[in-house]
Each structure stands twice: as C-alpha cells, then as structure tokens.
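Working notes, structure below.
The values are calculated or read from the model by the stated rules, or taken from the named source; none is laboratory data. From a predicted model like this one, the values you see are computed outputs, not experimental measurements. Every residue, glycine as well, gets a Cβ built from its backbone with ideal geometry; the counts of neighbours run over all protein chains shown. When the accessible area is computed, the model is the full protein with side chains, heavy atoms only, and any ligands, DNA or RNA have been set aside. Shrake-Rupley method; radii C 1.70, N 1.55, O 1.52, S 1.80 Å.
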Amino acid sequence: MTQLRLLGLLLFLNLRVFLLNGQNYFQTTFDLSFSDKGYATEALANGDVLIAGSTGPAGSEKMWIQRMNAQGVVLWSNVFDDNGMAVARDIQKTADGNFLVVYNTLQVGGWMKISGNGDVLWSKTMGIAGSLQKILPLAAGGYLLSGSGMPTSFSHALAIKTNESGDPVWIAHFGGAGDDVITGCWEDSQGFIYCAGSSADTDLNPDGMLAKIGPNGSVLWATRYRTGNLIEEFSGVAPFSGSTDLLLAGHTVSPLFEYDKIWLIRVTDAGAIKWSRTYELPDLDIAAIDLKPVPGDQFVISAADRANNLGSQATLIKIAQNGDLLWKYEYKIGGERGILREVIPVTGGYLAAGSSVKNGNEDLFVVKVGPEGLLPGAECCPGTVNLTVKDVFPEAESFTPGTSGGFIPLVTFVAGMPVNPDITNICAPIDLAFSVSDSAICPGDYIVITPEGITPGVTYSILTPGGIPDTTQPGKVCYPVNGTFLITRIGENATCKKESSITVDIGSRPDAFPNAFTPNGDGVNDTYKPLFLCPVIATHFIIYNRWGQKVFESLDPDEAWDGKVDGRDAPSDVYGWQVEYEAIREGSKQVLKEKGDVALLR
C-alpha cells in the first residue's frame with residue numbers, strides 16, 4: 001500500500017501544476033467527487049498545513065486528508081476507508097511528530113494516528129454509539145477527545161483523555177435530561193479543562209453549555225446559558241490572555257421563524273456572565289463555527305450557515321475583547337454558497353478550511369489570508385459582511401449532570417490510498433493589459449484602444465468617460481472637447497473586480513511654422529506649409545517674394561508650396577508668408593492670423 005501511495009504521489013506531483021506556486025495567500029477549491037468537505041486544519045512549524053474532511057455522498061463518505069505547503073501546493077492527498085462511512089472531524093500534530101485524527105462513522109466515533117506521509121499507524125473506535133468532534137493536546141501529555149456518546153435514548157457529553165497510543169486514561173461521560181454534546185475544550189495552566197457545547201433540559205431544547213472538568217476527569221460543575229430562544233449552542237471556547245475569563249462562541253435562534261445569529265458570551269472561569277452579544281445578517285443564517293484566540297485579547301471566528309444552505313457566506317471575523325468587530329469579510333467562491341468550518345493562526349495571517357458549492361457540486365475550500373483578513377497579491381476581493389451587533393441578556397443556570405459509564409475502545413482497520421483532486425485557483429490573476437494609439441490628441445480626433453491581456457473566465461469592459469465610441473469600429477473613441485480623461489479597462493470574475501487606467505490629454509497643440517525648406521526632390525522637406533497639429537476649419541495661405549509679388553496662394557490647409565513659380569524653380573532666397581485660418585482652439589472657435597519668413601534653400 002505504501003508503494004502504491006508513493007507512486008500515486010509521484011504521478012500527482014509530476015502531472016499537476018498548481019497555479020499558486022510561490023504565492024503566500026490563496027483561495028482554492030479541491031474536487032474529488034460530487035460532495036467534498038473540509039472540517040479541520042493543522043499547521044506545522046515549517047509552514048505546512050494538513051486539511052481533514054470527507055469526500056463522497058452522504059451516508060458513504062470517506063475520510064479525506066491532504067498536506068500542503070505554505071504556498072498551498074499539495075504535497076500528498078489521501079482518502080481513508082474503514083469499510084464504511086467515515087468523516088474526519090479534527091486533526092492535531094502529536095508529540096512524536098505524527099498526527100491524531102478523530103472521525104465519525106455512521107454510528108460511532110473513532111480516532112487514528114497517521115504519519116507525516118499519510119500512512120495509518122493505528123486506529124480505534126468507541127465502544128458505544130456516539131460521535132467525536134475535537135482534539136485538545138494536554139500539557140501533561142496525552143489528548144482530550146470530545147463529542148458525545150449515547151448510552152440511552154439521549155446522547156451525553158463525552159470527554160476522553162488518551163495517551164500517545166490512543167488508550168483511554170479516563171472518560172468523562174455526563175448529561176442532563178436531554179441531548180448533550182461537547183464541541184470544543186480548553187485547558188488552563190493548572191490542568192483544569194473547560195468544555196463548551198450544548199445541553200438540553202426537560203424541555204429538550206438545547207441551551208449553550210459550559211462544564212469544568214478536573215485533571216482526573218471529574219466533572220466539577222456545569223452551566224446552561226439561555227436567552228429563551230428555541231436553539232442555543234456553543235461551538236467553541238477560548239481564553240482571554242489578560243485574565244482567567246473565557247469567550248464562548250456559537251449561535252442562537254428564536255422559535256419565530258427567525259434566522260440563526262452568531263452568539264458570543266464572555267464569562268469568568270466560574271461561569272459568571274460579563275457580556276453577551278449577537279451578530280446577525282439580514283435574511284440569512286449565520287453561526288460561529290470555530291473560534292481561535294490571537295494576541296492582544298482578540299479572537300478570529302469562522303462563521304456561516306451551519307447547514308451550508310443557499311446563500312451561506314463563508315465568513316471570517318475578528319473581534320476585540322469587548323466584542324467589537326475589528327474586521328469582517330465574506331470570501332466569495334463563485335458559486336451558490338460556502339462555509340469555513342475551522343480557522344487557525346498561521347505565519348503571516350490565518351488559514352481556514354470548509355467547502356463551497358458551485359452548480360450543485362460541493363468542493364473542499366481552503367483560504368489563506370493576511371493578518372487583516374485580506375489576500376495580499378492575490379486576485380480575490382472579499383466582501384464586507386453586513387453584520388448587526390446587539391447586546392443580549394441570557395440566564396445562567398447551574399445543573400448537576402448525571403454520569404454514564406465508560407467503555408472499551410475497539411481496534412479497527414483503516415486503509416489509505418492516494419488521490420488526485422482537481423484544483424481550482426479562485427484567485428487566478430486578471431490580466432488587464434491594454435494600450436491606446438495616442439495619449440495626447442486634438443479635440444475631435446479619435447483614439448484606438450487595443451486590449452492585450454485576456455484571462456479565461458473574466459468578463460471585460462472599457463470605460464471612456466468624455467469619449468464617444470465609434471459604433472462601427474470597436475475600440476475607436478472620439479473625444480470632442482478639451483480635457484484630461486481616463487480610459488479604464490475592467491475585468492471581473494466570480495470573486496473579484498479589478499481595473500487599470502491610462503490617462504489621455506485632449507487639447508489644442510501649438511501650430512508650427514517652419515522657417516526653411518529644401519525643394520531638391522530628395523523626398524525630405526521638399527515643400528512648405530503651416531503645420532496645423534489640430535484640425536482647422538478654413539485657411540487662406542499666401543507666400544510673397546522679396547519684392548512683394550505673390551508666388552503661391554491656397555485655401556486648402558493640406559496644400560503646400562513646392563518651391564516653383566509658373567512651373568519653374570524659384571531661386572534660393574527668403575520669402576515672406578501670411579496665413580489666416582479658422583479653427584477650434586482651447587475649446588472655442590477662433591480666427592487666427594500668423595505671418596513670417598521662410599528660407600528656400602537649394
């Protein structure tokens with residue numbers, strides 16, 4: 001199997017050219033089947049990242065994990081099969097340089113260890129029905145796996161501490177009168193663990209839940225938070241760096257057919273509420289799906305419609321310690337909907353993974369952004385999210401959870417094989433190169449615009465304010481009046497709109513009157529006339545010899561004296577001239593007169 005994987009990897013690297021090679025920020029989709037999802041990501045010290053999720057239709061998914069470098073180039077991509085449905089939900093690097101993965105089958109949760117090359121080292125599943133959501137590395141060694149188990153008709157919150165070999169050290173399995181689940185945990189410096197999720201009371205409606213678990217697995221206390229809405233759940237918990245307070249993130253929705261709202265609560269390490277806020281979109285569901293602390297008592301949150309329904313916005317927001325929004329962006333995917341399920345800090349910014357849907361096809365979606373949420377140097381334009389922030393005032397209710405017994409994990413067999421996803425760079429550069437025939441013309445003249453760069457999939461347009469396009473010749477534009485104008489070429493794809501401009505000057509340039517000519521038949525400077533650099537309406541041009549005799553006269557501004565009088569060469573001498581002409585100059589019609597001398601040289 002290892003040889004097969006290596007062969008597939010070599011073919012993948014030789015045949016696939018990733019468009020974003022060399023770029024530090026990217027927005028990319030990966031397609032294996034009709035339904036591909038990303039649930040988790042992990043960053044390494046060398047800049048590599050691993051993305052974990054699933055591929056395949058609902059009910060028969062396979063785990064999908066791939067490793068990428070800091071520029072988004074795929075190093076390997078594997079699908080893992082346990083002879084049934086399996087979805088990878090979280091991935092964490094381990095103390096021995098490998099990776100721990102939690103996954104869910106149709107009925108039970110499991111965990112496995114893979115090497116940095118994607119080889120399966122071992123795998124195990126729970127001994128009871130349930131699911132696993134997250135992995136928390138513990139300071140004293142080992143890992144906390146969290147989710148839910150179902151010992152009865154209701155699920156109970158579940159936390160399993162394992163050693164490096166994946167064997168349980170202790171199991172905390174607890175719940176109330178309804179369904180309970182843990183969706184994320186955090187460990188303090190003393191080894192106490194705070195787990196967030198949801199808990200249903202006798203009304204069976206889920207409330208936000210926070211529980212404190214001791215270093216030995218004992219549940220010390222549990223609290224429900226509710227605002228009176230139908231559904232309230234937390235998806236994560238994170239610490240404030242300047243205190244022992246915690247931030248809980250999730251969503252709330254009322255029973256009156258309203259939309260999901262992001263819900264954030266700041267609490268003390270005893271569970272007391274300090275502030276509580278919701279963040280909502282007009283006519284769209286949005287929930288906090290993941291939460292990460294960053295320096296300065298700030299937090300980055302991935303948010304979207306949890307079900308990735310039509311209109312779901314793949315969103316990242318950053319908040320201050322008081323809940324104020326620092327930035328908020330939607331990452332367009334060129335399709336009907338998108339979701340980012342996990343976000344992590346990486347060198348130079350943040351990386352998030354989820355999925356996007358275009359024309360009904362759901363693809364793994366990965367975006368790497370800078371510290372301000374943007375994609376420097378990449379042709380992607382995230383949109384600002386129209387979030388409305390409101391203070392809310394929930395109740396906090398302590399409850400004593402019941403406990404359920406432990407279980408013995410089962411050893412399972414999971415096999416991996418290399419795959420070759422189709423890769424789409426959503427941030428493909430928009431080539432806006434174009435040229436103009438002249439950058440300075442006279443009023444009434446025209447400029448020809450020539451597009452040069454063309455990017456497939458981009459819609460182009462050209463703006464020529466102040467100009468009159470020629471309807472018979474594309475790109476030909478007349479400018480009737482004086483002024484400085486911008487010609488702008490615009491390129492727009494499904495995610496971004498870019499533009500590039502060239503300045504043109506429309507104005508009357510000075511007329512020129514040479515002072516000598518050489519009518520010797522060599523084709524150079526053989527004739528003489530005024531040089532009108534901008535069009536004229538009428539002219540009267542006369543040349544005299546030194547005795548005042550007229551030797552040339554014309555009303556045609558294009559006609560020139562060839563140095564002959566009555567068909568014979570005029571002698572070398574100095575001749576006088578005068579011209580009266582009517583023209584548009586400086587934006588108005590003027591009658592102008594000029595006179596002077598010209599030397600005829602033979």
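A few notes on this one:
- Read-out Kirkwood radius over Cα pairs in Å, derived from the coordinates shown; its label in [x] 28.8; [y] 25.7; [z] 26.7: [x]
- Region 15-135, accessible area per residue, ligands and nucleic acids excluded (1.4 Å, Å²): 33 Å²
- What the phi angles of region 24-33 give under the Karplus curve with 6.51, -1.76 and 1.60, with θ = phi - 60°, is a coupling list of 8, 10, 7, 9, 9, 10, 10, 10, 10, 9 Hz, glycine and proline written as x.
- Charge dipole of region 351-481 about the Cα centre (unit charges at C-beta), most positive-ward option of Gly354, Gly373, Gly402: Gly402
- Accessible surface of the chain, 1.4 Å probe, proportion on carbon and sulfur as whole %: 53 percent
- Estimated from helices alone, the mean residue ellipticity of the chain at 222 nm is -500 deg cm²/dmol (sum of -39500 (n - 2.57) over DSSP H runs with n ≥ 4, per residue).
- Residues with amide H under 5 Å from that of Ala570, placed H, sequence gap 5 or more: Lys564, Val565
- Between region 352-400 and region 543-602, the Cα center-to-center distance that results, in Å: 75 Å
- Added length on full extension, which subtracts the Cα-Cα distance from 0.36 nm per residue, Val591 to Val392: 63.9 nm
- log10 of Debye I(q)/I(0), alpha-carbon scatterers only, for region 255-360 at 0.11, 0.18, 0.21, 0.22 Å⁻¹: -0.36, -0.90, -1.14, -1.21
- Distance between modelled label sites at Asn98 and Asp556, nm, 7 Å Cα→Cβ extension: 9.5 nm
- Förster-model FRET efficiency, 45 Å R0, Thr152 and Thr384, C-beta, rounded to 0.05: 0.45
- For the chain, Cys478 have no disulfide-compatible partner, since no other Cys C-beta lies under 4.7 Å from theirs.
- Global geometry of region 452-508, whether rounded, prolate or oblate, following the gyration tensor of its Cα atoms and the 1.5 cut on a/c: prolate
- Tyr544 accessible area, 1.4 Å probe, all protein chains in place, Å² to nearest 10: 60 Å²
- Helix 2-15 and the long axis of the chain differ in direction by around 20°, with both axes built from C-alpha atoms.
- Computed lengthening from Ser437 to Val294, 0.36 nm per intervening residue step minus Cα-Cα distance: 46.2 nm
- A dipole drawn for region 250-363 from +1 and -1 charges on Cβ atoms has a positive end, and of Ile265, Tyr279, Leu310 the residue lying farthest that way is Ile265.
- Pairs from the list Lys261/Lys328; Lys358/Lys497; Lys550/Lys595; Lys550/Lys589 with a Cα-Cα gap above 23 Å: Lys550/Lys589.
- Zone residues, region 562-602, relative to Cys478, backbone N less than 14 Å from point 7 Å out along Cα-to-Cβ: none
- For Ser312, residues with placed amide H under 5 Å, excluding near neighbours: Gly338
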